[in-house]
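These notes concern the structure reproduced below.
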Amino acid sequence: MRDLKAWLDQIALGDYAEVLAANDVDLDVVSHLTDDDLKALVLSLGHRRKFLAAARTLKPEQIPLRHVSPEQPVRVADSGERRQLTVMFCDLVGSTALSQGMDPEQLREPMRRYQDAVAGAVLRYGGHVAKFLGDGVLAYFGWPRAHEDEAERSVRAGLEALTAVAAVSLESGIRLQARVGIATGTVVVGDLVGEVATEAGAVLGDTPNLAARLQSLADPGAIVVDDLTRNLSAHACAFDDLGPMSLKGFAHPVTAWQVSGLRRVASRFDAARGGGLSGFVGRDQEVSVLLDRWNRVKSGEGQAVALGGEAGIGKSRILQELRLRLHREPGLIQLYQCSPYQANAAFFPIVEFLHTAADFAATASAEQRLDNLERYLALTAPSEAEDQALMADLLSLPTERYPALDMTPQKKKLRTIDLLTSHILGLSAAEPVAVLVEDAHWIDPSSLELLDALLERIQPHPVLVVITHRPEFDLPWTGFDHLTRLSLNRLS
């Protein structure tokens, strides 16, 4: 009541505090009220307009974590748990000026689209939208569902949210912009229960407040994170050091980092560990099987191995050991890393590999990339213009230098699969090829079709295909004599 009264006093509507409180309206609710709601509460037209305009500019940090007064008894429900949580705050830039230049009714649609854009990005990366706070969105990564890479997920969600919000345009031509703050820390999650109010899934700790303060440091279209979030996601994301920042409510300066983009990594395993590995123990039998299949490949007999096991049991480490052994002798290694974030992006691991194989520098122009792509395709045989156009289209490069592709999407996909398969087999004519597919449980349908085609054709070619996967991945290949299945058990 006191927080609501204080806010209403700021906008010269303090006389309505009692009637709002009597209808169970607190600061967490005001941003969700409509003009019809306020009309039912007997607010005049002018006061309704003033109330709605102020509600849209209500900042997350203005809303107390606990929506009960200090005198009221509060307890954390028995279900409360202590856990590490990554918190993201997204705030709409310039919402005050926007609300002053538009009628509240007109503003509802762009605000809805803004919230949908942010919420969609959060949900896509496994986060939880906790609240809509006026023009702010509060999201959790790590509760109620936890993943192994919450910090990376939050940064990816933030980048996607900023892009989606920037695509929202108004009839006046104005483009929306947002900014994001992310912090990671230990919190207690549980239900706060008071005599007159209950908050389900409340988060207690400094982390939400820190995320809100970091958001206020960010430029429009930017993300600012704390030190722990940066450390946990540095293998996949790039950052610029903003230095120590003095933040309201924090006794000591907080080191802040601005996200500058995502890193392109060949292997999730390599990126997460930065090359620092302990000695290899306990998996000699599995490595021996892989090396035996490689020896068969060198004699011209194509082979495939499906290496299955639960998360963290050592699949990627075995593959790393195989790569180290293969680097000591002639042969070509192609690594295709599937991604949990791109399970529906057609040919995602292939596209990522080709960016590296064709030596696409970050600063290279589209024309330079096309030249590099043509040189890469020429490693097997002189490529036709249609093949070059298909590969350029696959890599989202301009295709004006080639004849137009006059084919249906389905035919284009089948031609692309045939071209990629033939290219791998063509490379094996010069030296044995090892195709390593990491985390096939996240593979997209188009890449899976490519893998099907490759396994059907490799037997007379010196090609080894190794596929790592978790138990939930249903191996679709049956009847292949050249396919070996290995299941990893836990070490003693």
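Charging the Cβ of each Asp and Glu at -1 and of each Lys and Arg at +1, and nothing else, the dipole of the chain about its Cα centre rounds to 640 debye.
Measure nothing but the geometry: give the 0 to 90° angle between the long axis through the Cα atoms of 104-124 and the longest principal axis through the Cα atoms of the chain, rounded to 10°. Helix 104-124 sits roughly 40 degrees off the main axis of the chain. Here the label points at Gln285 and Leu45, each 7 Å from Cα along the C-beta direction, are separated by 8.3 nm in the simple model. Between Ser169 and Glu400, what is the FRET efficiency for a Förster distance of 41 Å, r being their Cβ-Cβ separation, to the nearest 0.05? About 0.90, to the nearest 0.05. Under 5 Å from the amide H of Ala222 lie the amide H atoms of Val180, each residue being 5 or more positions distant or on a separate chain, with H modelled from the backbone and absent for Pro and chain starts. What is segment 110-167 by shape, rounded, prolate or oblate, if you read a ≥ b ≥ c off the alpha carbon gyration tensor as root eigenvalues and call it rounded for a/c under 1.5, prolate for a/b larger than b/c, and oblate otherwise? Judged from the Cα gyration tensor, segment 110-167 comes out oblate (a/c at least 1.5, b/c at or above a/b). Residues whose amide H falls under 5 Å from that of Leu242, counting only those 5 or more places apart or on a different chain, are Ala256, Trp257, Gln258, with hydrogens built in the peptide plane. The residue list Leu377, Leu390, Tyr402 was ranked by how far each Cα lies along the charge dipole of segment 368-407 toward its positive end, using unit charges on Cβ atoms, and Leu377 comes out on top. Peptide packing for 232-245, 10-23 was compared via the average number of neighbouring C-beta atoms within 10 Å per residue; ordered from the highest value, the list is 232-245, 10-23.
Given contacts defined as C-alpha pairs under 8 Å and at least six residues apart, what's the relative contact order of the chain, whole-number percent? Walk me through the intermediate numbers first.
Values: 816 pairs, mean separation 63.3, N = 492.
That works out to 13 percent.
Whole-Hz Karplus values for segment 426-441 come out as x, 4, 5, 5, 8, 7, x, 10, 10, 9, 10, 10, 8, 6, 5, 5 Hz, taken residue by residue from phi with 6.51 cos²θ - 1.76 cosθ + 1.60 and θ = phi - 60°; glycine and proline positions read x. For the chain, taking Cα atoms only, Rg and Dmax work out to 27.7, 88 Å respectively. Accessible surface ranking for Asp359, Asp481, 1.4 angstrom probe, highest first: Asp481, Asp359. Sequence-ordered 3J(HN,Hα) estimates for segment 154-162 from the Karplus curve with 6.51, -1.76 and 1.60 and θ = phi - 60° stand at 5, 5, 4, 5, x, 5, 5, 5, 4 Hz, glycine and proline given as x. Taking Cα atoms only, the orientation of helix 348-357 departs from the longest principal axis of the chain by about 60 degrees. Protection proxy ranking of 141-148, 174-181, by the mean of other Cβ atoms within 10 Å over each peptide's residues and highest first, is 174-181, 141-148.
Annotation: per residue accessible area for the chain equals 47 Å², rounded to a whole number [probe 1.4 Å, protein chains only]. As a length-normalised measure over Cα pairs under 8 Å and 6 or more apart, the relative contact order of segment 220-368 settles at 18 percent.
Mind ordering 323-331, 121-129 by average Cβ neighbours within 10 Å, highest first? Before the final figure, lay out the partial values.
On the way: 323-331: 12.2, 121-129: 20.1.
Packing order, densest peptide first, comes out as 121-129, 323-331.
Overall size of segment 245-400 from C-alpha positions, given as principal axis extents largest first: 68, 54, 29 Å.
Seen against the Cα atoms of the chain and their longest principal axis, helix 445-457 is set at about 10 degrees.
For the chain, the antiparallel share of DSSP beta bridges with both residues in that region comes to about 65%.
Where the accessible area of segment 202-342 is counted over protein heavy atoms with a 1.4 Å probe, how much of it, in %, is carbon and sulfur?
Numbers: 3030 of 6480 Å².
The value for segment 202-342 is 47 percent carbon and sulfur by accessible area.
By the gyration tensor of its Cα atoms, with a ≥ b ≥ c the square roots of the eigenvalues, what is the shape of segment 378-491: rounded for a/c under 1.5, prolate for a/b over b/c, or oblate? Prolate shape, in that a/c is at least 1.5 and a/b is the bigger ratio.
The values are calculated or read from the model by the stated rules, or taken from the named source; none is laboratory data. Predicted model only: the values in this text are computed from it and were never measured. Methodologically, a virtual Cβ is constructed for each residue, glycine included, from the backbone with ideal geometry; neighbour enumeration extends over all protein chains shown. Accessible surface areas use protein heavy atoms only, side chains included; no ligands, DNA or RNA. Shrake-Rupley method; radii C 1.70, N 1.55, O 1.52, S 1.80 Å.
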